[in-house]
Structure formats: structure tokens, C-alpha cells
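J.: Below you'll find the structure I mean.
The values are calculated or read from the model by the stated rules, or taken from the named source; none is laboratory data. Remember, predicted model here, so these are calculated numbers, not experimental data. Here the Cβ positions follow ideal geometry from the backbone for every residue, glycine too, while neighbour counts run over all protein chains shown.
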Amino acid sequence: MSAEEYTDQWLDEHCGDMLNDLARLIAIPSQRGEASEGAPFGPGPAAALKEAVAICRELGLRPNVYGDCIATADINEKVSGLDIICHLDVVGTGEGWDSDPYTMVIKDGCVFGRGTADDKGPAIASLYALKAVAESGAPLRAGARVILGTNEESGMQDLPFFYDNPDVRPAPCTISPDTHFPVVNVEKGHYLMSVSRSWGVTDALPRVVSASSGDTFNVIPADAGAVVAGISPGELQTLCAPAADTLGVMISCSEARNGAQISVKGVSSHAAYPDGSRNALTALLGILSDLPLADCDSTDAIRRLSGIFPFGDSRGKVLGIAQEDDISGPLTLSFTILRLDESGVRCTLDGRVPICATEDNCCRIAEERLGAAGFTVEGHIEPAHHTPADSEFVQALLRCYEAVTGKEGFCQSMGGGTYVHNVEGGVAFGAAMPGYDTMMHSANEHMPIGDLLAAAKIYARSILAICS
Ligand SMILES: [Zn+2]
């Protein structure tokens, strides 16, 4: 029997143990909390790390903990040839679960619970892959290591405790099982823009006295609201009704002090994946721009913002920064936060930019266009991450994926960033199958057991391919 056949078979036989260990991690609510001694990201992440280290010990892997927030498990004493970096922290649960998010449930061939797909399931699959290779007895010329972080979801501040340690050397190859198979070899760059303008108080009527939408830079808002002084709710409703149909959003108007309140309901999505969303913020700006408002600063700012960032333009076309390249795909630009009051407006826009994007062909153009419209722009480009598709490492990963799944391997680009964004030679690899929606970050997050097992087999074969 080949080493690959052995690891496949060993993982089939130990799938039940793998799920039992996963249930131990799912039971720990490990979203970020208040820092304390020995728990820099709060008690949840610290408890999950402790439990994972216990699991590593039970599996005979060699755990080490760095800065109370990131742990490693090594297959042997050799220098690592392949690092597999996962995370044990989770996002909050939100509403709408059919079962307790912190009790792992097996249903319809899937495991359900917060973290089953993002990223505790892949972390356990990686640890079992290490164990399977160790059990196979295959001779390894290099080590292999699973790295378990606890702050991926809120800033990745755990990484420096590991990578900046003088005793630590990153492996020449790194994978992060925190998205979809096959290989993600491009993570777009990030252009987070702050746009603002101030003005003096006026009593012109009718005018928008306040507007607000969004609270997270990387989430397209589903809700937006504004107060318009000098207009009645009935009048506002009549003026807005046609826009609701054109834009495909819901609009409601109610009584407010000195005027009327308008609320817009759209469809949210991650800022890096705007297709399919209906941005309530840009819809609101569009609706307000069409109202018969008094000639004043807030009216001018709203009309100019809506003109430059119209509803439905998620590529920065009107702003003049739309671009794409063959490796990374198109630039996306999502308007995510708006705060307008009697003295000015502050906005946040989240741009995910291809490899070809530069400060000159993005930032300077945005600054010029918005500057001419009276706004101040701040922000710069965090560069894209790219590991060449034709590298021996990436080709080896694709062969392992093909051997286990029988499907064709390929490389892809994504707008989000993983742990490997700043790790040279790193790629994201699994653990969800292509096109499968595990509902990560939403209610009823789950992972098909067959896919989790396949992922463990792919990782075991990857360790064998790269380290033996
Ligand atoms: Zn994740």
C-alpha cells in the first residue's frame, strides 16, 4: 500500500474521532472578547486554544504556544517544509439558527455549528492529516506544522507573536484552509477610502439634516435612513415611491421632528463580493438626490456623492478607477459607511484591487475626482498577494486535490484576505468544495462530513508530496 493509500484509509477509519474532537472545539464560544492576563483576545479564543493544544497532545503531535494566542503542532523535530495555518476564533452567532450554534449537530450528512466550516473544521482536518502521515511511517525529509491562531476574524494580531519570534522561520510553503478548493493564489489588494466634507449650519428648507448607514467597513449595508426637514411623510413617500421600484429596495417614511424620516432596506453582502447585493446606502443617496431640496451644502454633497458612487456601480466606473487583469479579475468598490449631520459628512468605501492597481491609477484619480467635488480623501493601497500558479508547490497541491476529488484543479483569485496575505509563497487551499455554500459567518453554518474527510485526505497527500 502506498503512503497516500494508507493516509486515505487511516482517515476513513478515524473520521468518528475527528468529529468528536471537532465537537469539543465547537462547544467553545470563541469570538473575540475582553483581553485579560493570558487571554489577549478574550476568554473564548483562549479556551479554544487550550482545548486544541490538549487535542494535539492526545494525537501525539508536538504543541508549542506563542504569546498565549497562537499554537503550533509539529509532525516531527525537523524544520517545517509545509505550514498549514488555521484559526480557532469565530464570528458571533447572529439570529436564525435551527439548532444551538455551540452544540455540534450531525444532520443530513453534515456537521452544523459555528466554526464547523470557518475554521475549526478545517483546523481539525489539518491536525488529523498530520497524524495520518505520522501513522503512515512514510520517511519525511522535512517537517510539517499546523499553526492555530485565535485572532483571524478581528485583525490577525496573533500572527506577529509567531512570525516575529526570533526562533521561528516560516516554511517555504504555506497553505491556509480558510476558503474554497482548489487553490486561491491571488488575494486582491485593499483600498480602504475615507471621504469627508464639512460645512456650516444652515436653516434652508427642505434639507437633509441627517443620514446614516452601515457600521462595518467590509459589510455592504442592508439598511439606511435619513431625516429630511421641511417635508411631510406623505409627500416624501410619494416622491420616493418610483425609486423603490427602479432600485429594487423597500422604502418606508414616517413622522420625524420638523419633517420626515425615510428608511431604505436593501440586501447586504461582504464588501469584497458585491454582486447580488442591493446597497441600501447608495440607494438612499440616489433617492435623496432626486428630491426637490433647498440649495445648500448637504444637498450638494449628497448629489455629488450619488453622482460619483451611483447605486449598482460596484466597480468604481464613475469614479474612474475601474480596472482588471487576467490573474486577479476586476476591481470592486463598495460604499459601506455613511454619517451625515448638520456640519458635514464622513464616508467609508471598501475597494478590493487587482494586481495591476497602483496608487497612481487608483488613489490619485479618486483624490482628484472627489477633491474637485469638494471632498477630502484618505487611504492607500495594501498590495495584492500573489503566488504564481506555475510554481512546483501550487502544481503539487492541485495534483493532490485532483487525486482525492477526481475533479480538475485550477487557481483562482479572491477579494477577501486570509492569513497567508502577507506570508510569502502562501496560498489559500480549501476546505470547502468549489461553489459549495457552507453559510460561514451566517446562521446554520455547516460542513458536509464527506467534504471535511476529503479535505483531510488532500492535506495528508499535500504533506507527503511536499515533505517526503
Ligand atoms: Zn476563516
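J.: Which of the residues spanning the range 133-154 are within 13 Å of the ligand (Cβ to nearest atom) and either among the aromatic types (Phe, Trp, Tyr) or surrounded by fewer than 21 Cβ atoms within 10 Å (Cβ to Cβ) (or both)?
T.: If the condition is that a residue be within 13 Å of the ligand (Cβ to nearest atom) and either among the aromatic types (Phe, Trp, Tyr) or surrounded by fewer than 21 Cβ atoms within 10 Å (Cβ to Cβ) (or both), then Glu153, Ser154 are the ones that fit.
J.: Here's a follow-up. Taking only the range 130-157 into account, find how many residues are out of contact with any strand residue (DSSP E or B) (no Cβ under 8 Å at 6 or more places or on another chain) and under 16 Å from Cys15 (Cβ atoms).
T.: 3
J.: I've got another one for you. Residue by residue through the range 108-130, note down the ones that are away from the ligand (no atom under 16 Å from the Cβ), assigned to a loop (DSSP other than H, G, I, E, B) and not small (Gly, Ala, Ser).
T.: Asp108 - this is the single residue of the range 108-130 that is away from the ligand (no atom under 16 Å from the Cβ), assigned to a loop (DSSP other than H, G, I, E, B) and not small (Gly, Ala, Ser).
J.: Another question, then. Tell me which of these Thr103 doesn't satisfy, since it passes every other one: (1) more than 13 Å from the ligand (Cβ to nearest atom); (2) hydroxyl-bearing (Ser, Thr, Tyr); (3) in contact with a helix residue (DSSP H, G or I) (Cβ under 6 Å, 6 or more places away or on another chain).
T.: (3)
J.: Determine which member of the set Gly155, Gly113, Gly137 is at pLDDT below 95 and either among the β-branched types (Val, Ile, Thr) or assigned by TED's automatic domain parsing to the domain that holds Ser462 (or both).
T.: Gly155
J.: How many of the residues making up the range 178-196 are more than 16 Å from the ligand (Cβ to nearest atom), over 30 Å from Gly371 (Cβ atoms) and among the β-branched types (Val, Ile, Thr)?
T.: The number of residues fulfilling the criteria is 2.
J.: Collect the residues in the range 383-428 that are over 21 Å from Asp119 (Cβ atoms) and assigned to a loop (DSSP other than H, G, I, E, B), keeping them in residue-number order.
T.: Answer for the range 383-428, where residues must be over 21 Å from Asp119 (Cβ atoms) and assigned to a loop (DSSP other than H, G, I, E, B): Pro383, Ala384, Pro388, Ala389, Asp390, Ser391, Gly406, Lys407, Glu408, Gly409, Phe410, Glu424.
J.: Return yes or no: is Pro166 in a loop (DSSP other than H, G, I, E, B) and more than 16 Å from the ligand (Cβ to nearest atom)?
T.: yes
J.: Right, here's the next one. How many residues does the range 183-227 contain that are within 30 Å of the chain's Cα centre (by Cα) and assigned to a loop (DSSP other than H, G, I, E, B)?
T.: 8
J.: If Ser176 passes every condition in (1) over 32 Å from the mean Cα position of the chain (by Cα); (2) hydroxyl-bearing (Ser, Thr, Tyr); (3) within 30 Å of Cys467 (Cα to Cα) but one, which one does it miss?
T.: (1)
J.: Then there is this: I'm checking my understanding of the structure. Among residues of the range 1-42 that are out of contact with any helix residue (DSSP H, G or I) (no Cβ under 8 Å at 6 or more places or on another chain) and among the polar types (S, T, N, Q), which one is farthest from Met440 (Cα to Cα)?
T.: Ser2
J.: If we keep just the residues of the range 388-432 that are away from the ligand (no atom under 14 Å from the Cβ) and under 22 Å from Leu192 (Cα atoms), which is modelled with the lowest pLDDT?
T.: Ranking the qualifying residues of the range 388-432, first place goes to Asn422.
J.: Considering every residue within the range 442-459, establish whether at least one is within 15 Å of the ligand (Cβ to nearest atom) and modelled with pLDDT under 95.
T.: yes
J.: Among the numbered conditions (1) assigned to a helix (DSSP H, G or I); (2) within 16 Å of the ligand (Cβ to nearest atom), tell me where Ile175 comes up short.
T.: Ile175 satisfies all of (1) assigned to a helix (DSSP H, G or I); (2) within 16 Å of the ligand (Cβ to nearest atom) except (1).
J.: How many residues does the range 450-465 hold that are surrounded by fewer than 24 Cβ atoms within 10 Å (Cβ to Cβ) and either touching a Lys or Arg at 6+ places or on another chain (Cβ under 9 Å) or under 21 Å from Thr93 (Cα atoms) (or both)?
T.: Qualifying residue count for the region: 1.
J.: In this structure, is Ala283 in a helix (DSSP H, G or I) and more than 28 Å from the chain's Cα centre (by Cα)?
T.: Judged against the criteria, Ala283 is not a match.
J.: Consider the range 434-445. How many of its residues are surrounded by fewer than 24 Cβ atoms within 10 Å (Cβ to Cβ) and either under 19 Å from Ala134 (Cβ atoms) or in contact with a Lys or Arg (Cβ under 8 Å, 6 or more places away or on another chain) (or both)?
T.: 1
J.: Considering only the range 234-262, state which residues are acidic (Asp, Glu) and within 12 Å of Ile287 (Cβ to Cβ).
T.: Passing the criteria: only Asp245.
J.: Within the range 271-323, which residues are among the basic types (Lys, Arg), in contact (Cβ under 8 Å) with a residue 12 or more places away in the chain and over 27 Å from Leu239 (Cβ atoms)?
T.: Result: Arg315, single match.
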